[in-house]
1. Taking R0 as 30 Å, what's the FRET efficiency between B:ARG72 and B:ALA101 from their Cβ-Cβ distance, rounded to 0.05?
2. Two decimals is fine: what is log10 I(q)/I(0) at q = 0.09, 0.18, 0.20, 0.23 Å⁻¹ for segment A:1-128, from a Debye sum with one equal scatterer on every Cα and no solvent?
3. Using 7 Å Cα-to-Cβ label points, what is the B:LEU474/A:ARG214 separation (nm, one decimal)?
4. Taking neighbour counts of Cβ atoms within 10 Å as a proxy for exposure, in what order, fewest first, do B:TRP454, B:TRP93, B:TRP249 appear?
5. Provide A:GLU3, A:GLU24 in ascending order of the number of other Cβ atoms located within 10 Å of each residue's Cβ, fewest first.
6. Using a 10 Å cut-off around each Cβ, can you sort A:GLU334, A:GLU17 from fewest to most neighbouring Cβ atoms?
7. Dividing the Cα convex hull volume of segment A:94-235 by residue count, how many Å³ per residue is that?
8. Select from A:PRO326, A:VAL215, A:PRO259 the residue farthest towards the positive end of the dipole of chain A; place +1 on Cβ of Lys and Arg, -1 on Cβ of Asp and Glu, and compute about the Cα centre.
Amino acid sequence: MNELHVDGLTKSYGSEEPVLRGLELTVPPGALAAVLGPSGCGKTTFLRIVAGFLHADAGTVRLGDRILGGPGVHLPPERRRIGIVPQEGALFPHLSVARNVAFGLTGVERTERRRRTEEMLDLVGLAGYGDRMPHELSGGQQQRIALARALAPRPQLVLLDEPFNALDSALRAGVRSDVRAALRATGATAVLVTHDQQEALSTADLVAVVRDGRVAQCDTPQDLYRRPANPWIADFVGDAVLLPGTVDGDGTALTALGPVPLATPPNGLRAGTVVLRPEQLRLIDAGSEGVVRGTVTDVCYYGHDAMVTVAVEGHDTPVGIRVAGPLPVCRGDEAGVRVVGEAGLHP
Amino acid sequence: MAALFALLPLGYLAVRALERGPGFAWDVVAEERTLALLGRSLGLTVVVVAACLVLGVSLAWLTARTALPGARVWSILATLPLAVPSYVAAFAWLSAEPDLAGFAGAALALTLVSFPYVHLPVAAVLRGIDPAQEEAARSLGHGPLRTFAKVTLPQLRPAAAGGALLVALYVLSDFGAVSLMRYDTFTRAIHTSYRASFDRTPAAALSVVLVVMTIALVAAEARTRGRAGHARTGTGTARPAVPAALGRWRPLAVLWCGAVTAVAVAFPLGTLGYWLAVGSSATWDLGGLTETAWVTFGIAAAGAGLTTVLALPVGVIATRHRGRGTRLLEQAAYAGHALPGITVALALVFFAVRYAYPLYQQLPLLVGAYAVLFLPVAVAATRAAVLQAPPVLEDVARSLGRRPWQVLREITVPLAAPGVAAGAALTFVVCMKELPATLLLRPTGMDTLATRLWTETGAGSFAAAAPYAAALILLAAVPSYLLGRHRT
């Protein structure tokens, strides 16, 4: 099976601070995993080591039952059976689309090669484009051809390096779902490297957040968003409201927004940071009995919803509240705030 | 290796100049005549650079930013003088008016062949400046003239200074025009001194002075450059600027462009045509012409070949591995660019006479001189070509199952080859036009089109010189034409 298993990966360039410090990651067969991190977190180094362009200082890379790299072992890139989809596609400019896709089909009989090329073009929705040259394609089309080229030789693993970066946002969603569908159809295991948390959450089956050369948390998109392992991850993946809180006897935390029920028992913690999502806060009438009051400092309207920023007494940074539907307030208004659902507590 | 090869002559020149003791060399340098030479060289340089700045900037602004009728045609015509060797221009003016010989003639001929060095970069910057910057200045209350002076002009300065440097180097190292115009500058004095006496130390000492001057010039320009970051801030494509209306100045602007094009392009060609027609009855020696053309073709091809082979590793290394070492390597290769042809030739003569006598006045030495002189041209082309094959393409090819040597064959070479070939063609053209090094290093009795043209013009037989000039322009035109097609 095509399970990717990376263990204890370490890498530093020269005498500088190490870029990877014991990175661990397991991607089950057929899954699409996103490696998500801010720039400089080591995600590109990780990708290049898995692909075989860089040697790790320590650690092993295993694909199925083959050791690709490890102590005393380094399989060259051309023998790893790993397809890569670089940023901006990087199609060979001197070859036609069909010859780009067929590039990895060596040692294959000619009719089979043609059949497979057409199958791949069909898969990415660009049947009939084989005779064009790369510069005659739009950015999104180039990106899809790059995927077809990577998938044609039936790789065991596909690596995608920020492949949607160069596309404008209107095009991005379409290409993203096409890529996911094509990967599903072939059943290839895939790793998507990105710094865009929205892209990671919406595209991948599994998201690994990398910080300082290590995997800080690896979970399904939902679990990652709802149960971030620490406040930094909460803030990095989606918007977060971070409040200092003290634990009350019966599993609630007392905060500037009032008592908040905790999702899990505090495990002996007496105080910490309470993590909430903006959609867990509600705007209510400021005149209600016993309500937490604040002043609306800013309103950002997005159409499908809006982000209302409210300065609350007893907390020095304003909190964000996501409001769906018509806006009940404008800047400068008095507003009441209520918390819905449970929160996480972190030391 | 290639870079060392480029620097070798420089070092040897210094050794040779000091051979009879630093005192002797100093006597030569400190002579009154040398000071006079210095004044004449610098005077010519200053006048030509100033004239080129006026011509180049005015034409660039007119063609790039105003509603000048036929702006595109004018801007193409304004680059054509680059294809005219200085000695062909000198031939044209001398044959029309022999009294021009001297400072005026040399300045005229050199200005008219070298102003495109200013025109081209300045026009490119003018086209690239985001008009939004000028609009912002206007909206902040500056009038059109103040906007030009405070926003546009400062951004032109690096381009204009770079162009002026090229012109200055061109003038300092020019031999053809000054020698035909019989105006004594360093290059002409070096040639005369070399030819006139058996003692070649004075020639070497003068060469060292000339080299020091060019290096000082390059260093001064490098210091003024690269402090202010220019170019656009922000991303996206700039809108093209709205051309400025010329109003009642329009006829004057057209007249100005027309006059410059007429004297710089039409006049040399016309004169050439006239002498071809006049001389066709008497002095055409078709056999000699064909033979000389063949010889020129052959050694230029050999020069271009050797230069390209040497440039390949430098270009590849400089592109793929950025670092202090590679920058040094690159700069060493560029040092040759600033060296006047005659000094390189002289250095190679000394070297051959002393250490490799069998090579003296033999073809390999001449071809080697071409390689030293034109290595920078080929290195620049190679760098651009290698950039056509970014490393990510090689990574992809590896991941698709190719071994390193297969990647080289299937990806890198096919992508870089057209650029390298273009560089070779360019080198071929400059080798063919080269005059001073060829004069010094050619085997006895061998002539290229350039040397023959120089000899005939020097002797005043303009009709005899014309066919060689025509053949030279024709031969040079073919690769230039191919280059133009390749670019588009």
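1. Here the calculated transfer efficiency is 0.20.
2. -0.34, -1.08, -1.20, -1.36
3. Modelled inter-label distance: 7.8 nm.
4. B:TRP249, B:TRP93, B:TRP454
5. A:GLU24, A:GLU3
6. Exposure proxy ranking, most exposed first: A:GLU17, A:GLU334.
7. 128
8. Result: A:VAL215, furthest along the dipole toward the positive end.
Values in this text are rule-based calculations from the coordinates and carry no lab data. Keep in mind that what you see is a predicted model, and the values were worked out from it rather than measured. All Cβ positions, even for glycine, are placed from backbone atoms using ideal geometry, and neighbour counts span all protein chains on display.
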